[in-house]
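The values are calculated or read from the model by the stated rules, or taken from the named source; none is laboratory data. Keep in mind that this is a model prediction, so the values were computed, not measured. Here the Cβ positions follow ideal geometry from the backbone for every residue, glycine too, while neighbour counts run over all protein chains shown.
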């Protein structure tokens with residue numbers, strides 16, 4: 001569900017006109033719906049009522065402090081993959097006891113910061129990381145709570161660049177080495193083994209891969225317990241997909257996912273940890289943009305808009321589809337035109353879609369790209385010296401800028417010309 005609908009012929013985010021936001025903030029900008037964020041978190045969390053479960057929102061999906069603060073007030077934990085994300089989660093009010101630290105390349109200073117904060121658990125991705133964490137824990141006089149992320153060699157479909165659970169992916173401990181890794185870690189005095197972690201990919205539209213991975217890891221948990229390990233936490237990861245409006249297979253509902261997980265883990269007696277990101281934030285946001293030029297090509301027409309691939313890189317990176325709509329509703333008999341929607345960046349890859357049906361557009365007209373609340377602003381860059389786009393949060397009739405657009409002067413402040421250059 002998303003709270004972006006037409007009212008009096010103009011698209012609104014909840015009760016606020018997107019045309020008003022564009023006029024006051026400028027374009028391009030991201031606009032998020034607080035009601036959608038709250039609903040999606042609640043629907044996911046409610047799917048696990050009756051079980052001990054932590055919903056650790058995946059900060060990498062959308063890391064804005066206002067979004068994190070909103071989710072913290074609902075009881076969310078956080079799944080972080082960097083020291084920066086750890087700082088964001090703590091600053092937003094998420095308790096350290098609800099934070100899990102994932103990622104294949106945790107640096108010593110990041111491990112030290114997380115140990116000092118007292119986070120819930122490290123999802124350790126290699127034995128080299130386990131050794132490094134052990135040394136830092138001993139240095140600080142603490143024991144680090146860990147799970148190993150195991151790679152179950154389960155293919156979950158979707159784009160190859162967001163698959164994480166196959167043998168050739170960089171993530172996790174190889175399935176064949178998992179028991180030996182746990183045995184060696186048990187001998188390290190700075191580590192406290194408490195769980196097992198698995199994460200097989202993103203934008204998964206079928207319950208079968210999840211079920212296969214859970215069953216495999218459930219068997220591993222039983223084997224590890226038989227070998228003397230006190231496994232009390234099962235981190236099942238994230239990956240549940242969302243509808244992007246491209247007529248592909250509709251992902252399972254959280255209630256169906258929850259029923260499957262509860263049934264598959266019924267005999268394990270573990271605390272469940274989940275890391276949803278896209279499912280919470282994806283359809284809670286849009287990228288609002290304006291048409292700069294309409295260009296008639298030799299055999300196609302281009303909408304050149306003021307948003308670019310460095311604002312929303314998913315189409316260039318993953319060939320991702322985003323539903324696009326005009327902010328002003330077309331008349332009932334309005335003719336549809338085919339447009340290539342492109343940005344101003346000097347790359348042919350700066351193309352959001354080709355030959356998309358839209359009403360006739362003119363310079364200055366506004367449009368939105370839906371389902372941009374996850375992996376949108378967080379992946380934005382400053383290529384072509386384009387400022388990062390602002391972010392806006394709407395709640396009912398209220399709205400606020402939650403990240404400002406930097407000026408060119410702000411961008412240039414970070415750079416210095418040495419005296420000898």
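Return the only residue of 133, 138 being part of a helix (DSSP H, G or I), crowded, with 20+ Cβ neighbours inside 10 Å and in the same structural domain as residue 184 (by TED's automatic domain parsing).
Answer to the check: 133.
For segment 1-77, which helices (runs of 4 or more DSSP H) that fit wholly inside it have 1 or more residues that are without any contact (Cβ under 8 Å) to a residue 40 or more places away in the chain, surrounded by fewer than 24 Cβ atoms within 10 Å (Cβ to Cβ) and not assigned by TED's automatic domain parsing to the domain that holds residue 392?
Passing ranges, in order: 34-46, 65-73.
When you go through 200, 204 one by one, which is the residue that is in contact with a helix residue (DSSP H, G or I) (Cβ under 8 Å, 6 or more places away or on another chain), without any contact (Cβ under 8 Å) to a residue 60 or more places away in the chain and under 19 Å from residue 102 (Cα atoms)?
Just one listed residue meets the conditions, 200.
Any residue that is surrounded by fewer than 20 Cβ atoms within 10 Å (Cβ to Cβ) and without any contact (Cβ under 8 Å) to a residue 12 or more places away in the chain - is there at least one of those in segment 91-108?
yes
Give the residue, chosen from 249, 216, 262, 211, that is farther than 19 Å from residue 182 by Cα, in contact with a strand residue (DSSP E or B) (Cβ under 9 Å, 6 or more places away or on another chain) and surrounded by fewer than 19 Cβ atoms within 10 Å (Cβ to Cβ).
On inspection, the qualifying residue turns out to be 262.
Checking the condition in contact with a strand residue (DSSP E or B) (Cβ under 7 Å, 6 or more places away or on another chain) and under 24 Å from residue 388 (Cα atoms), which residue from 53, 19 passes?
19
I'd like the full set of residues that are part of a loop (DSSP other than H, G, I, E, B), closer than 15 Å to residue 13 by Cβ and touching a helix residue (DSSP H, G or I) at 6+ places or on another chain (Cβ under 8 Å), limited to segment 373-406.
373, 376, 390, 396
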